[in-house]
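What follows is a single structure, written as structure tokens, with notes after it.
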Amino acid sequence: MSRARVLLLNPALGPLDYRVPYGMTAEPGSIVVAPLGPRQLTGVVWEPERMPSDAEVGDNRLRNLISVHDAPPLAAPLRRLIEWTSDYYLAPPGAVLRMALPSSSALESGRTVLEYRATGLIPDRLTPQRAQALERIGDRQGLVRELALIADVSDAVIRGLCKAGAIEPVEVALDTPFPEPDPDHAAPELTAEQREAADRFTEAVEAHSFQPFVLDGVTGSGKTEVYFEGVAAAIRAGRQSLVLLPEIALTEPFLRRFATRFGVLPVAWHSGLRQSQRRRAWRAIASGEAKVVVGARSALFLPYRDLGLIVIDEAHEASFKQEDGVQYHARDTAVMRGHFEDIPIILASATPAIETRHQVELGRYEEVKLPARFGGAQLPEIAAIDLLQDPPPRGHWLAPTLVKAIEETLERGEQSLLFLNRRGYAPLTLCRHCGHRFQCPNCTAWLVEHRLIHRLQCHHCGLIAKPPEVCPECKAEDSLVACGPGVERIADEVAALFPDAPRAIVTSDTIWSPAKAAEFVARMEANEISIVIGTQLVTKGYHFPNLTLVGVVDADLGLAGGDLRAAERTFQQIAQVAGRAGRGSKPGRVFVQTHDVNAPVIQALVSGDGESFYTAETETRHEAGAPPFGRMAAIVVSSENAQAAIETARLIGKTAPHIDQMHVFGPAPAPLAMLRGRHRHRLLVHARRSLDVQDVIRDWLGALTWPGSVRVSVDVDPYSFL
Ligand code: ADP
Ligand code: ZN
């Protein structure tokens, strides 16, 4: 008889054995439906020797598999990637598998689905909810549930609008094919240096063997054009390419740029997709029909039929690290996928991470450099503004030098960008009478004032409260004051200084969909905006030739936390935002406001000597045995029950194995001591490179038990220390 080991799409379950009924073909990788108690679950057949089960069941007690899905089996390289990810990041294999099969509807047959869209008719009875729904839905289309989510109303409101004729059903074909990109559609004339870099990528794609590349070139040097040549080579070879971007907001401009180069849009994959789009994309990826996929990190685990190239754009970005669920780093995991698929992978960045530079030094990654901006465009001059010498007037945030530069830029009809990585109006609100501070009841965090929507908001748990009329503590009226600036407050200051200059705030609050991003880009390109005030969302990817001034409002902000990558991150972020200036024929200027002009990172930015900064940072890490020279893992213990959390954390601390090559710090209350109502404690494991720290942690935690209310999560190679 024939048995099959199956990994079910359920993180709580290990692999289970089933009988393969007569006449069914189930091989490793087959996507099957299996019974579990009274339920039916989807799972994937696995090689038993690679997925040991601790519950061996005799032949006579096995249950039959129910069916095999009509979808290509998961290929061996993807199965190896799932095993590796589960092993390395100490995550249940079922949780990793879910990332490869995120769309249950993708597995169902059925050629059409009913979606809904607005008809343009305004119903006679226009309640505020109906008005909000129609406004937010605009020209979008989706299932009732999806539209309700977009509009932030109940399903009943959408159905009511449908009855009233304001929304109509449309039948959508699920599997319309994607058109093929044309590698020769509009190939640019590359410079000699670009050509040399592009040739390395085309050779590697043609060789179809594992090779990580670091594509290192200043912003505007043509990195995108050059890796597009690698993509073109993969298309010619009939293979698929995957391009990962750090933010969904970047997909829209990227899609357009891709279409200009290759004649058609690539296949997009991100959390903003509707169910029907998700299904269509998944099936096209699995069948090999989707030749180029561009997406957020979750696109990494999809079952590409024949992958030929992976590109990670802005590879240094910390947003490639997933901070919930399976806490994997998409950059590092992508390199592993490249290894299992035996294909090249390109990490593109103007400021490669210290971890990545180290791999180059070790000779594991090949460095490909683009030394200059394309077309003779000059990198902008970066100047520091010493806020101690040249302070803004009281209650203001822009120093006179920066204000003057904005004025000059306006006079020339050019655009300015002010960067401050803080959403909302003010990060803290307090009562001037009694000093009461507005804190989130669920988190160790202040409530942030958002004046545009007249709300206080917690940026950790999303709690939203109306600003009270009186202080809740001392009942004083009109006593609340905003402390510190957010982008909305800077926008107010700009409005007061330059009332006639059209401005835009760009944050995740204003650019919450690819369509909104497209609208912003169009307005910038039409020169309808003179001053942009934005968070890190605006620092990447955009190419606005008329943008010639960048002001960094608070360069010290990122250094405050003080974790091991703070200075490096600040350097990357400011270099990145500075790279938005002067991308066309007009030269750019950058001003960086700081209280500490002598900080090494500020000096490096101003002098343009990034290399010595990196050398010094790397040396510091080396001495401390910090990554990439040593290894770290964070163990976070959390519970709604404060006592249970602290007791479990202590138990873990007490039972820490005594190993020469490893040191355990803590437990200690986490900086975010409370998050979403859960009390949090942290331990930090610091180990030598040579130690298999995952194995140690597996054995250590595996021998312990804790109450059901407690959650223990392990973050291998942590990027967040909160
Ligand atoms: P990066 O990705 O390094 O920031 P891009 O690839 O975006 O650089 O290039 C910057 C700008 O220069 C883009 O508008 C791009 O189209 C243009 N560009 C770069 N190389 C060429 C080339 N060889 N021919 C024409 N335009 C180019
Ligand atoms: Zn909160």
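Observations
- Residue check for ALA204: at pLDDT below 95, away from ligand 1 (no atom under 16 Å from the Cβ) and not β-branched (Val, Ile, Thr): no
- Restricting LEU480, LEU452 to residues that are away from ligand 1 (no atom under 16 Å from the Cβ) and in contact with a helix residue (DSSP H, G or I) (Cβ under 7 Å, 6 or more places away or on another chain) narrows the list to LEU452.
- Verdict on ALA197 being surrounded by fewer than 16 Cβ atoms within 10 Å (Cβ to Cβ), within 16 Å of ligand 1 (Cβ to nearest atom) and more than 24 Å from ARG283 (Cα to Cα): no
- Here the condition is being at positive phi, among the small types (Gly, Ala, Ser) and under 29 Å from the mean Cα position of the chain (by Cα); of GLY677, GLY630, it holds for GLY677 alone.
- Residues (surrounded by 20 or more Cβ atoms within 10 Å (Cβ to Cβ) and aliphatic (A, V, I, L, M)) located in region 633-655: ALA633, ALA634, ILE635, VAL636, VAL637, ALA645, ALA649, ILE652
- Here CYS471 meets the list (1) touching a His at 6+ places or on another chain (Cβ under 6 Å); (2) within 9 Å of ligand 2 (Cβ to nearest atom); (3) not basic (Lys, Arg) almost entirely, failing just condition (2).
- Residues located in region 658-697, provided they are within 16 Å of ligand 2 (Cβ to nearest atom), small (Gly, Ala, Ser) and touching a strand residue (DSSP E or B) at 6+ places or on another chain (Cβ under 9 Å): ALA670, ALA673
- Set GLY165, GLY120: member being modelled with pLDDT of 80 or more and within 29 Å of ILE511 (Cβ to Cβ): GLY120
- Scanning region 392-427 for residues that are within 26 Å of the chain's Cα centre (by Cα) and either β-branched (Val, Ile, Thr) or over 30 Å from ASN527 (Cβ atoms) (or both) turns up ALA426, PRO427.
- For region 221-236, a tally of residues being buried (at least 24 other Cβ atoms within 10 Å of the Cβ) and either within 14 Å of ligand 1 (Cβ to nearest atom) or among the basic types (Lys, Arg) (or both) returns 8.
- When ALA465, ALA476, ALA445 are checked against the criterion of being within 22 Å of ARG676 (Cβ to Cβ), in contact with a His (Cβ under 7 Å, 6 or more places away or on another chain) and of a type in the set (A, V, I, L, M, F, W, C), a single residue qualifies: ALA445.
- Some residue of region 489-508 being touching a Gly at 6+ places or on another chain (Cβ under 6 Å) and either farther than 27 Å from LEU402 by Cα or more than 16 Å from ligand 1 (Cβ to nearest atom) (or both): yes
- Selected residue [under 24 Å from the mean Cα position of the chain (by Cα), among the hydrophobic types (A, V, I, L, M, F, W, C) and outside the structural domain of GLU135 (by TED's automatic domain parsing)] from ALA566, ALA526, ALA604, ALA624: ALA566
- GLN439 crowded, with 19+ Cβ neighbours inside 10 Å and either at pLDDT 90 or above or hydrophobic (A, V, I, L, M, F, W, C) (or both): no
- Test: residue in region 196-207 that is touching a strand residue (DSSP E or B) at 6+ places or on another chain (Cβ under 7 Å) and within 30 Å of GLU135 (Cβ to Cβ): no
- Some residue of region 150-160 being at pLDDT below 85, under 22 Å from LYS516 (Cα atoms), of a type in the set (A, V, I, L, M, F, W, C) and touching a strand residue (DSSP E or B) at 6+ places or on another chain (Cβ under 6 Å): no
- Residue within region 397-405 that is small (Gly, Ala, Ser) and touching a Pro at 6+ places or on another chain (Cβ under 7 Å) present: yes
- Within region 197-206, not a single residue is over 27 Å from the mean Cα position of the chain (by Cα) and either within 16 Å of ligand 2 (Cβ to nearest atom) or outside the structural domain of VAL264 (by TED's automatic domain parsing) (or both).
- Residue list for region 597-628, restricted to those being surrounded by fewer than 16 Cβ atoms within 10 Å (Cβ to Cβ) and charged (D, E, K, R): ASP609, GLU611, GLU619, GLU623
- Hey, PHE591 of a type in the set (Phe, Trp, Tyr), outside the structural domain of VAL218 (by TED's automatic domain parsing), crowded, with 22+ Cβ neighbours inside 10 Å and under 22 Å from GLN378 (Cβ atoms) or not: yes
- Selected residue [of a type in the set (Asp, Glu), in contact with a helix residue (DSSP H, G or I) (Cβ under 7 Å, 6 or more places away or on another chain) and either in the same structural domain as PRO253 (by TED's automatic domain parsing) or not in a strand (DSSP E or B) (or both)] from GLU367, GLU323: GLU367
- When each of CYS431, CYS458 is tested for being over 30 Å from HIS681 (Cβ atoms) and either modelled with pLDDT of 90 or more or surrounded by 17 or more Cβ atoms within 10 Å (Cβ to Cβ) (or both), the lone residue that passes is CYS431.
- Criterion: surrounded by fewer than 21 Cβ atoms within 10 Å (Cβ to Cβ), over 22 Å from ALA555 (Cα atoms) and within 16 Å of ligand 2 (Cβ to nearest atom) - qualifying residue of ALA465, ALA476: ALA465
The values are calculated or read from the model by the stated rules, or taken from the named source; none is laboratory data. Just so it is clear, the structure is predicted and the values come from calculations on it, not from any experiment. FYI the Cβ positions are ideal-geometry reconstructions off the backbone, even for glycines, and counts take in every protein chain you see.
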